[in-house]
Amino acid sequence: MGIDWMLDDTSLATLVAKVPQGVRIDLTFDGDQAEGSAGCNGYGASFQAISGSISFGPIRSTQRACDKQVMSAEAAYLRSLEGSTQYVASGSALHLTGGAADLSFTASTGASPGQ
């Protein structure tokens, strides 16, 4: 598995009016697959990243029902992720842009990007 990227609280706050307490949204890249937790449901998609450009295939997710605020945050995150077109990875930070909102992540391990 690759690095576990955690969505920063500031990015989450741009997606929803009220950030649900204790929500964890993360993203891991493994080969040509991206997967993680969107707050309630697990998700995954194929992806391609070349020279700062990124694209995601259709996102699939489990279908658990959670608190309405969590579901709203999850839906907004997945929309933004699927629409992302550019990435910058440096040190322990990953930024995805081009979607409905910019997404900033922090590595939750000591590993460096690309390993």
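Scanning region 24-68 for residues that are out of contact with any strand residue (DSSP E or B) (no Cβ under 8 Å at 6 or more places or on another chain) and within 19 Å of Ser104 (Cβ to Cβ) turns up nothing.
Filtered by the rule that a residue be in contact with a Ser or Thr (Cβ under 9 Å, 6 or more places away or on another chain), part of a loop (DSSP other than H, G, I, E, B) and surrounded by 14 or more Cβ atoms within 10 Å (Cβ to Cβ), region 24-65 gives Cys40, Asn41, Gly57. Each residue in region 1-23 was checked for being in contact with a helix residue (DSSP H, G or I) (Cβ under 7 Å, 6 or more places away or on another chain) and in a loop (DSSP other than H, G, I, E, B), and 5 of them qualify.
Every number in this text was worked out from the coordinates using simple rules, so none of it is lab data. Note that the coordinates shown come from a computational prediction; the quantities given were computed from them, not determined experimentally. Methodologically, a virtual Cβ is constructed for each residue, glycine included, from the backbone with ideal geometry; neighbour enumeration extends over all protein chains shown.
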